[in-house]
Number of protein chains: 2
Amino acid sequence: MSDPETDTVRNGVDTATLFATLDAVNAQRELAKFQFRVRNQWVGGTHNRSSFSDFSGAGGEHEHVETYTADADHPNVLVGNDNGPTGAEYVLHALAACLTHGIANIAAARKVNLTEVTSTVTGDVDLQGIFGMSDEVRNGYSNIRVSFDIKGDADDETLREIVEQSRSRSAVFDVVTNGVPVDVNVATA
Amino acid sequence: MSDPETDTVRNGVDTATLFATLDAVNAQRELAKFQFRVRNQWVGGTHNRSSFSDFSGAGGEHEHVETYTADADHPNVLVGNDNGPTGAEYVLHALAACLTHGIANIAAARKVNLTEVTSTVTGDVDLQGIFGMSDEVRNGYSNIRVSFDIKGDADDETLREIVEQSRSRSAVFDVVTNGVPVDVNVATA
């Protein structure tokens, strides 16, 4: 898909396929409906593992090239065995990943060749919330900061516009800043 | 840490250490301040990779036992090369992971022995939002559903209460349902 010899591939993004996909969805809006899924299994202690195998969208069911897995655990200082990052750390990864997905696509669409995109994401949290020690402290992060370093064959203003467009069209940025209704159901039998 | 022969270990959670940790934080609330961090690097196309190495909390700096990494990419149907789940899928994993961290700890504290905790998390998203095709469609998930199967040596009501307490004290559930302020900074030099 990413043949650097062709005109349409930039930053590893096949812009011809990208624009054709957008045209197809624009002509048939039902194709835009997606459902993503994970399945999680408790391993022991605070250690658990999610698998990512399938999703629906573009009018059909799809499987990932392989079933991906991600382990999560609490670190030792939070009484876990540190078999992976915490769920809270994966939120920061999800945000960095989604913004960077968008930056690559948007830069390619604007014919900007990127040479480097790195980011650091930090989140501050006061655990008095989850420990139930204060009603005035929330459970989650009080704030999150994302710091991008981006380089490419465009001027400073254009590179900043690419990041801004990605931010303004990011699924995860929207979820993390605006929230989503979440239903939790339980079966015990 | 998880010696099944001792009284204090249940579900792989060392409850003596858990309660001692809560007591220490309760006596010195500054210990509750944590900062989690990820560093993300663009690999090519929509493929990028985060690393999880260090965080601060409990009055000091900490390193994970090893530096964990997570790859993210768009699937083929979204013009990526499917080198990993999307950022949006990692949000669902973060939520399942955080709720399951809490279930293990809370069950252990309540002296409930768990035998199985699995969950499926689904999120519905209409990509007309991120594609900029409709101002009335949000970028992120319209809704998320979490379905737990939980089994252990407690009655139905107790098992449901454990899930509910985890939900009510989950950092990621709070972030995903209520949102967090996010600052995005860009350096181009």
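The values are calculated or read from the model by the stated rules, or taken from the named source; none is laboratory data. Just so we're clear, the structure is a prediction, and the values are computed from it rather than from any experiment. Heads up, the Cβs are rebuilt from the backbone with ideal geometry, glycines too, and the neighbour counts pull from every protein chain shown. Ligands, DNA and RNA are stripped out before the accessible areas are found, and what is left, the full protein with its side chains, is counted by its heavy atoms. Shrake-Rupley method; radii C 1.70, N 1.55, O 1.52, S 1.80 Å.
Hey, rough spin-label estimate for B:Lys151 and B:Asp7, points 7 angstrom out along Cα→Cβ, what's it come to in nanometres?
Taking the two extended label points, one gets 3.0 nm.
Convert each backbone phi in segment B:7-23 into a coupling constant with the Karplus relation 6.51 cos²θ - 1.76 cosθ + 1.60 (shift: θ = phi - 60°), then list the ³J(HN,Hα) values in order as whole Hz, x for Gly and Pro.
Each residue of segment B:7-23 in turn: 4, 7, 9, 9, 6, x, 9, 7, 5, 5, 5, 4, 5, 5, 5, 4, 4 Hz.
Compute, for segment A:36-176, the length of the dipole vector about the Cα centre, with Cβ point charges of +1 (Lys, Arg) and -1 (Asp, Glu) only. Units Debye, rounded to 20.
Using only the charged Cβ atoms, the result is roughly 240 debye.
Keeping every protein chain present and rolling a 1.4 Å probe, give me the accessible area per residue for the protein assembly as shown in Å².
About 41 Å² of surface per residue is accessible.
Step through the residues of segment B:158-175 one at a time and calculate ³J(HN,Hα) from phi using the Karplus curve (6.51 cos²θ - 1.76 cosθ + 1.60, θ = phi - 60°), rounding each to whole Hz and writing x for Gly and Pro.
So the Karplus estimates, Gly and Pro as x, are 5, 5, 5, 5, 5, 5, 5, 5, 4, 4, 6, 10, 8, 4, 6, 4, 4, 4 Hz.
State, to one decimal in nm and shortest first, how far the label point of A:Asp183 sits from each corresponding label point in the other identical copies (label point: 7 angstrom along Cα-to-Cβ).
3.9
Which distances, in nm and shortest first, link the A:Phe19 label point to the same label point in every other copy, taking 7 Å along Cα→Cβ?
Taking the point 7 Å beyond Cα along Cα→Cβ, the inter-copy spacings are 6.7 nm.
Would you rank A:Ile106, B:Ile144 by solvent-accessible area, highest first, keeping every protein chain in place and using a 1.4 Å probe? Walk me through the numbers on the way to the answer.
Values: A:Ile106 25, B:Ile144 0 Å².
Largest to smallest exposure gives the sequence A:Ile106, B:Ile144.
Per-residue Cβ counts within 10 Å, from other chains only, averaged over B:154-165: what number is that?
2
Which distances in nm, rounded to one decimal and ordered from shortest, link the label point of A:Glu61 to the equivalent label points in the other identical copies, with labels set 7 Å from Cα toward Cβ?
So the label point of A:Glu61 gives 5.0 nm to the other copies.
Sequence-distant or interchain residues sharing an amide H contact under 5 Å with B:Ala187, placed H: which?
A:Phe148, A:Asp149, A:Ile150
Which chain B residue comes nearest the axis with its C-beta when you rotate B onto A, and by how many angstrom?
Nearest-to-axis residue on chain B, with distance in whole Å, is B:Gly179, 2.
Quick one: buried accessible area between A and B, total over both chains, 1.4 angstrom probe, nearest 100 Å²?
11400 Å²
Read phi for every residue in segment B:49-62 and hand back ³J(HN,Hα) as whole Hz from Karplus 6.51 cos²θ - 1.76 cosθ + 1.60, θ = phi - 60°, with x for Gly and Pro.
Couplings: 9, 9, 10, 10, 10, 9, 7, 10, x, 6, x, x, 9, 9 Hz.
Round to the nearest 10 and give me the degree value, 0 to 90, for the angle of helix A:87-109's Cα axis relative to the longest principal axis of chain A.
10 degrees
I'd like the mean, over residues of B:10-23, of how many other protein chain beta carbons sit within 10 Å of each residue's own Cβ.
3
Could you list which residues have their amide H under 5 Å from that of B:Thr46, counting only those 5 or more apart in sequence or on another chain, with H placed in the peptide plane?
Those lying under 5 Å, H to H, from B:Thr46 are B:His74, B:Asn81.
Quote the FRET efficiency, to the nearest 0.05, computed for B:Met133 versus B:Thr67 with a Förster distance R0 of 35 Å and r equal to the Cβ-Cβ distance.
FRET efficiency, B:Met133 to B:Thr67: 0.30.
Projected area of the protein assembly as shown, taken from the Cα convex hull and averaged over every viewing direction, in nm²?
With the hull built on Cα positions only, its mean projection is 18.7 nm².
Ignoring ligands, DNA and RNA, what percent of the 1.4 Å accessible area of segment B:67-112 is carbon and sulfur?
About 45 percent, which is the carbon plus sulfur part of the accessible surface.
Taking N as the number of residues in segment A:44-164, what is its Cα Rg relative to 2.2 N^0.38 Å? Present the calculation step by step, with values, prior to reporting the outcome.
Details: Rg = 18.7 Å, N = 121, 2.2 N^0.38 = 13.6 Å.
Dividing the Cα Rg of segment A:44-164 by 2.2 N^0.38 Å gives 1.37.
Once amide H atoms are placed 1.01 Å from N in the peptide plane, what residues at a sequence separation of 5 or more from B:Leu127, or on another chain, have their amide H within under 5 Å of its amide H?
Under 5 Å from the amide H of B:Leu127 lie the amide H atoms of A:Lys33, A:Phe34, each far enough along the sequence or on another chain.
Per residue of A:57-68, what is the mean number of Cβ atoms on other protein chains within 10 angstrom of that residue's Cβ?
Other-chain Cβ atoms within 10 Å of each residue's Cβ, averaged: 4.
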